[in-house]
Amino acid sequence: MTLIRKRWLASCTAVLAASAMLAGCGGSSSSSGSTTSGKDSSASGLATAEKKVAALQAMAKTYPVPTTSVPGVDKFKGRKVFYIPIVQQVPAFVATAGSTKQALSKAGLSQQVCDGKAQPTAIASCVQQAITADAAGIILDAIPYGMAQNALDAAKAKGIPIVIADQNPPTGVKNSNQVSYVPGASSQATAMAWWIIADSKGKANLIIAQNADSPTAIKMVADSLPIYKKYCPGCKVTVKEITASTPALLASKASSNVLSNPSANYYYTEFEDSLQPTLQGVQQSGRAASISVSTAAGSVNGLGLIKSGSVKAVVAADQLYMGFGVTDELLRMMTKSGPIDEAQPMRLFTKQNIDSIKVTAAAQASGEWFGDGSFQADFTKLWGIG
């Protein structure tokens, strides 16, 4: 595999680490060189990828529901929880807001959604609203703690437990009853790596449009790169950075990425919120017919484009399960009986299995894309309700 990675300038990395604010940074490209392997190695890697893809495309037969009960949930009946996504209108967060509301209502609590607007000041304002409302808990979604550290520190001081979803904990930080990280489906980029290897028969020339808006998004891509190196010696992978903080530039960025790599035949844009401008940019490059586009954090938007043929693969996470999972984590923190590790199921969709589901918002919200939804009763039983 040949890897070409666009690197941040050191000064920009320092700013991101200090403030965790959304920002795009310039950089220069460099090549790590290439590794070669014989036909046996390539064939073995392809066979492994094909098996992984078959498993990723299948419907879930079981769910990773915790087994330890949560005592004392009933004493929080009537209290309010704040759900603060980094950008409220992103389809994945809309779905999670709905599922979290559903899960909280089963436990006798209500939900208040507050839009983070991808801005530290807006996020801090949401947290302050939660403090003023004497919220039972706060759920942040895809928001690094540092984006509103002072406000979150104040919430901690008031004894309000904080769940941070879709983010990995910083190095050295351990979950506690005060703050707990629930990474969610953090292996989506890895799942896409298996599909790209299998679909290309081990010969992908891939551009990865990596979201530079948070350390977690960067880590997701970084974790996938060893898969290509080990299992696809015939693949070439080029990593380019994009940022949601400049949405008007995403189409031109995609076009530039393609034009700068005339041999590329696969383009993976990390999250679905950048999919439409990516497709526009690929079209503008004049190379749409020769490039297979894929994405993750999918919703009805991305899956609908599989049916039309303009998108080849989408990884979607079970947002209904996520809502119950983060609610379970918060209830454990509220009752001082947590935290624990909470998983999130996901599924790979392509033309091979897209016709097995209904591509509607209602079907996504119901969780039927992923399994039978039996986990809901399992969770409520743990909470002393079922």
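The values are calculated or read from the model by the stated rules, or taken from the named source; none is laboratory data. All values derive from a computational prediction rather than experimental measurement. Here the Cβ positions follow ideal geometry from the backbone for every residue, glycine too, while neighbour counts run over all protein chains shown. Each accessible area value is taken on the protein alone, full model and side chains, heavy atoms only, with ligands, DNA and RNA left out. Shrake-Rupley method; radii C 1.70, N 1.55, O 1.52, S 1.80 Å.
Helix 275-285 versus the longest principal axis of the chain: what angle, 0 to 90°, nearest 10, using Cα atoms?
Roughly 20 degrees between the two axes.
So which trypsin sites (Lys or Arg not before Pro) in segment 40-90 are both in a DSSP loop and have at most 11 other Cβ atoms within 10 Å of their Cβ?
The qualifying sites are 61, 77.
Identify the trypsin sites (Lys or Arg not before Pro) of segment 190-261 meeting these criteria: DSSP loop state and at most 16 other C-beta atoms within 10 Å of the C-beta.
Sites meeting the loop and neighbour criteria: 201, 203.
Under 10 Å from the Cβ of residue 91, count the other residues' Cβ atoms, weight Lys and Arg +1, Asp and Glu -1, and hand me the total.
So the surrounding residues net to -2.
If I build a Gaussian network model for the chain, linking alpha-carbon pairs within less than 10 angstrom, which residue out of 345, 161, 226 has the largest mean-square fluctuation?
Result: 226 has the largest fluctuation of those listed.
With a sphere of radius 15 Å drawn around the Cβ of residue 117, what net charge do the other residues whose Cβ falls strictly inside it have (Lys, Arg +1; Asp, Glu -1)?
In short, -4.
Per residue, how much accessible surface does segment 77-199 expose to a 1.4 Å probe? Answer in Å², no decimals.
That works out to 38 Å² per residue.
As a test, work out the antiparallel percent of DSSP beta bridges whose residues both lie in the chain, rounded to the nearest 5.
Antiparallel bridges: around 15 percent, rounded to the nearest 5.
For helix 10-19, what angle does its Cα long axis make with the longest principal axis of the chain, in degrees from 0 to 90 and rounded to 10?
20 degrees
On the accessible surface of segment 43-201, probed at 1.4 Å, how many percent belong to carbon and sulfur atoms?
After summing per-atom areas, the C and S share lands at 51 percent.
Taking 0.36 nm per intervening residue step and subtracting the Cα-Cα distance, what contour gain separates residue 378 from residue 360 on full extension?
On the way: separation 18, 0.36 × 18 = 6.48 nm, distance 2.56 nm.
Working it through step by step, the gained length comes to 3.9 nm.
Under 8 Å for C-alpha pairs, at least 6 residues apart: give me the relative contact order for segment 300-386, rounded to a whole percent.
Details: 90 pairs, mean separation 31.0, N = 87.
RCO, segment 300-386: 36 percent.
Tell me the angle of helix 39-57 to the major Cα principal axis of the chain, expressed in degrees between 0 and 90 and rounded to the nearest ten.
So the inclination is approximately 40 degrees.
For residue 255, what is the net charge nearby, where nearby means another residue's Cβ is under 14 Å from its Cβ and Lys, Arg count +1, Asp, Glu -1?
Charge balance near residue 255 sits at +3.
Could you give the distance between the Cα centres of segment 361-386 and segment 106-160, to the whole Å?
A separation of 26 Å, based on Cα centres.
Here are a few candidate values for Cα extents along the principal axes in Å: (1) 66, 52, 47; (2) 62, 46, 35; (3) 103, 47, 31. Which one was actually calculated from the structure I just gave you?
(2)
In deg cm²/dmol, rounded to 500, what helix-only [θ] at 222 nm does the chain give when every DSSP H run of at least 4 residues adds -39500 (n - 2.57) and the total is split over its residues?
Per the formula, -12500 deg cm²/dmol.
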